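Below you'll find the structure, written out as structure tokens, and then a few comments.
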Amino acid sequence: MTVKRITFLQELLGLLGLEERLHLSWISSAEAQKFVQVVSDFTEKIRSLGPNPLLAFRESKIAVAAELMPLNSKGDDYDQQRQSMA
Amino acid sequence: MINNVKAWLEDGIVDVFLGYREMDHHHLPHCFTREHMEEVDDLVISQVRYPLEKIATHMTEMDPDIKIGMLARDCNDRALNVLFLWNQLKAENVSTLTVNCCPSRLKEHGDCSYLTPEKAGVFKKQVGVDNNLEVEELDTYGRKERLNRWMYEFQKCIKCYGCRNICPVCFCKECSLEHDELIKTGPLLPEIPIFHMVRAVHMAGRCIDCGLCEAACPMDIPLRLLYGKVSQIVKDVFDYDTGSSALESPFNILGDKVALEPKPMEPAIAVNE
């Protein structure tokens, strides 16, 4: 059940592209080595992903539309539509 | 239909009947009773829809044994099913009259306020999320783009709680969205995206895709799409069809049922005798 719930949460965070920032492992109190391993690995993973992208939104409370424009399609789509309308 | 409702009220099959009544050219939800039988003549069926089952839930809260009749579209039926499963209404106390339904992915023709969804404008298409997208189409955006697009939608939110208040399957006495230790309350803008994500998580196993939240939203946030995504994940992960399943939700707070049979304990043997 827990696996399923965490999978559900990962998928939902995936909507915002944050799915890799949630990790689930079973570690017994006798498995100190495994605990260290899992935490170190996950820390490394988070470090390689970089800082939380949500922080950028928190700093600028009033979001500026230009900053929010999707990186891949900046302007192209809009220009095309303008042309097709004209 | 009107004769049917009158007969139900007269025969005592139902104590009250929830439908729509035309008042000053507005079709408003109305509770028809035996005492005011003449009002039943004003019963109308149109594209207008409200969560009648939510009114039924509130009535049942006051009087658990009241017998309620109501008009039901497909979305009402699904909501009722969920409310029965969550023990908010008793199936034997609710009678429904089926009316024509919205032309969702399930049906092509019907009478519903969702009949003609508004088309997204150029700007919204460019930086936000088009309300009319299919759930699968969301995945075509890249990770960063997806975040930006959803955050653009969420930052419009004015925290009116309209989505929660209209939701037929929101019945909690205490709402996490108004819990100061979880989410900041008061006259502030909501914390994003946590406000919407909390609601999204709570819609798991409950949302029946009626689209009333989106219709109620003054800021045009694609909530139906968001909760549609949630329902899809629930289907994929838990193999649970919200609304049509007769099984209890996997998110039931009581968890899985224990299959062990209850047995009396062995009588304790008195030592000192």
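Since every read-out is calculated from the coordinates, none of them should be taken as a lab result. From a predicted model like this one, the values you see are computed outputs, not experimental measurements. Quick reminder, even Gly has a Cβ in these numbers, built from the backbone with ideal geometry, and neighbours come from all protein chains shown.
For the reader, a short list of remarks on this structure follows.
- In a DSSP loop and with at most 13 other Cβ atoms within 10 Å, the GluC sites (Glu not before Pro) in region B:1-82 are B:35.
- Average Cα contact separation per residue, chain B, under 8 Å, 6 or more apart, as relative contact order %: 15
- Using a simple spin-label model with pseudo-atoms 7 Å out from Cα toward Cβ, residue A:30 and residue B:139 lie 4.1 nm apart.
- Gyration tensor verdict on region B:16-108 (Cα atoms; rounded if a/c is under 1.5, prolate if a/b is larger than b/c, oblate otherwise): oblate
- Cut-off under 5 Å, modelled amide H: who pairs with residue B:95 long-range: B:68, B:69, B:70
- Around the amide H of residue B:21, modelled in the peptide plane, lie the amide H atoms of B:28, B:30, B:44, all under 5 Å away and 5 or more residues distant in sequence or on another chain.
- Our coupling estimate for region B:60-77, obtained by passing each phi through the Karplus curve with A = 6.51, B = -1.76, C = 1.60 and θ = phi - 60°, is 5, 4, 6, 9, x, 9, 5, 9, 10, x, 7, 6, 9, 8, 4, 5, 5, 4 Hz, Gly and Pro reported as x.
- The ranking of B:36, B:30 by Cβ neighbour count inside 10 Å, starting from the fewest, reads B:36, B:30.
- Considering helices alone, the calculated mean residue ellipticity of chain B at 222 nm is -9000 deg cm²/dmol, with DSSP H runs of length four and up weighted by -39500 (n - 2.57) and normalised per residue.
- Extending 7 Å from Cα along the Cβ direction at residue B:62 and again at residue B:182 yields two label points whose distance is 2.7 nm.
- Approximating the spin labels as points 7 Å out from Cα along Cα→Cβ, the residue B:97-to-residue B:119 distance works out to 3.8 nm.
- Couplings 3J(HN,Hα) for region A:3-11, derived from phi with the Karplus relation 6.51 cos²θ - 1.76 cosθ + 1.60 (θ = phi - 60°), are 4, 5, 5, 5, 4, 4, 5, 4, 5 Hz, where x marks Gly and Pro.
- If you sort the three axes of the alpha carbon gyration tensor as a ≥ b ≥ c, you get a/c of 1.5 or more for chain B and a/b no higher than b/c, which makes it oblate.
- Order of B:44, B:94 under a 10 Å beta carbon neighbour criterion, fewest first: B:44, B:94
- Entries in A:4/B:159; B:124/B:144; B:54/B:159; B:125/B:159; B:90/B:229 that, when Cα-Cα distance is taken, lie over 19 Å: A:4/B:159; B:54/B:159; B:125/B:159; B:90/B:229
- Here B:217, B:160, B:175 are placed in order of increasing Cβ neighbour count within 10 Å, fewest first, which gives B:160, B:175, B:217.
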